[in-house]
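Nothing in this text is a laboratory measurement; each read-out follows from the coordinates by a stated rule. If you're wondering where the values come from, they're calculated on a predicted model, not measured in any experiment. Every residue, glycine as well, gets a Cβ built from its backbone with ideal geometry; the counts of neighbours run over all protein chains shown.
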Amino acid sequence: MKAPSSPSTGASSPERDAKSPGFAAEFKDAVTLRAFGLVLGGLLVQLAFVVSYVGAFHSPVPHRIPVAVAAPQQVSAKIVAQLDALDGDPVDATAAPSTAAARQWVLTRKADAAFLFDPTGTEDTLLVASAGGPSVSQTATQIAQKIETAQKRRITVTDIRPPNAGDGRGMTSFYLVLGWVIGGYLTATIMGMAAGSRPANRQRTLIRLAVLVLYAVVSGIAGAVVVGPVYGALGGHFWTLSGIGALVVLASAATALALQTLLGLLGTGLVILLFVVLGNPSSGGVYPAPLLPSFWSAVGQILPPGAGTTLVRNTMYFSGHAITSALWVLGAYAVGGAVLAWAASWRNEGRRSDTPVTESGTPARAADTS
């Protein structure tokens with residue numbers, strides 16, 4: 001009787017070879033065209049992020065900052081013309097009827113600064129409200145230096161509306177809105193991923209929208225608690241701030257849900273491109289619009305981060321002045337996103353009705369648009 005031979009460590013069997021397709025086959029299976037496309041997409045988003053932020057922030061230069069000019073009637077037009085003629089167009093000057101009116105223009109956001117001419121001496125005043133942005137004081141100093149050179153007069157910069165003591169450099173509004181926007185689109189994305197590969201139909205979309213509304217309300221209140229009672233950065237107007245937060249979150253979440261339902265994974269990338277890559281640097285949170293290059297200055301207030309930051313700042317520091325446009329923008333994203341999400345899910349239902357069905361009752365090759 002032949003004794004059984006012990007297994008050899010170097011031997012291989014046909015069964016083992018069948019289970020080891022080899023490196024080339026493994027590589028081909030792992031690095032699919034879809035995987036390559038996703039990696040390439042990630043690289044492009046990364047580069048877009050760098051280009052957008054560096055492009056917006058690398059060289060902030062004041063450009064046509066609205067400045068009210070309070071001066072005697074006989075010299076007012078001359079001063080306005082001289083300020084408008086400064087090298088680089090840092091100022092867009094407008095004559096104000098009085099010193100009180102010029103001051104009020106700053107507080108109602110009709111102007112970012114006010115130049116008060118002293119007809120009895122050689123020392124004038126530049127009024128600013130640094131609560132409107134962290135770089136306003138720095139910009140005002142630059143403008144004052146240009147005015148001093150042009151007018152050969154001394155300028156004193158006076159801040160008539162600084163940020164709260166707990167608000168530091170006035171950045172709380174920006175970071176609060178940033179958190180709301182990110183929370184909104186992340187929650188919409190997570191809800192879609194949690195559904196697996198089942199495409200969203202109209203009923204499921206309405207359920208998700210209802211959940212997102214509830215989430216937005218809770219997020220708005222939570223954010224107001226953090227910046228108010230917890231840190232004392234933005235005190236007062238608690239319920240108004242909570243409502244603003246709910247609107248910002250819903251605008252972000254509804255838009256994300258719509259784009260993801262319409263475009264699938266590509267929609268998620270588009271949301272990041274709009275809200276993070278373009279929206280954050282152009283929002284005015286770090287530098288106000290007059291300090292940004294023309295492209296970022298133009299798009300900032302038509303995206304949720306910029307509209308939300310303006311809405312919070314002007315509500316908390318400037319008695320709700322100049323907020324109408326921001327409200328319309330956020331409302332359009334919230335309502336438009338909800339309508340588009342519902343319409344896209346209706347379109348998906350029509351497509352699935354023409355798709356072969358498996359024995360389990362699910363579409364054979366349904367695209368993931370959840």
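Details
- Antiparallel DSSP beta bridges within the range 82-179, as percent of all bridges there, nearest 5: 40 percent
- Take 289-295, 161-167, 179-185 and order them by the average number of nearby Cβ atoms within 10 Å per residue, most first; the result is 179-185, 289-295, 161-167.
- The residues 261, 156, 139, 125, when put in order of fewest to most other Cβ atoms within 10 Å, stand as 156, 125, 139, 261.
- Residues 316, 191, 171, sorted so that the one with the fewest Cβ neighbours within 10 Å comes first: 171, 191, 316
- Förster-model FRET efficiency, 22 Å R0, residue 343 and residue 211, C-beta, rounded to 0.05: 0.70
- Projected onto their three principal axes, the Cα atoms of the range 65-162 cover extents of 33, 26, 22 Å, largest first.
- Taking all C-alpha pairs of the range 166-352, those more than 24 Å from each other amount to 36 percent.
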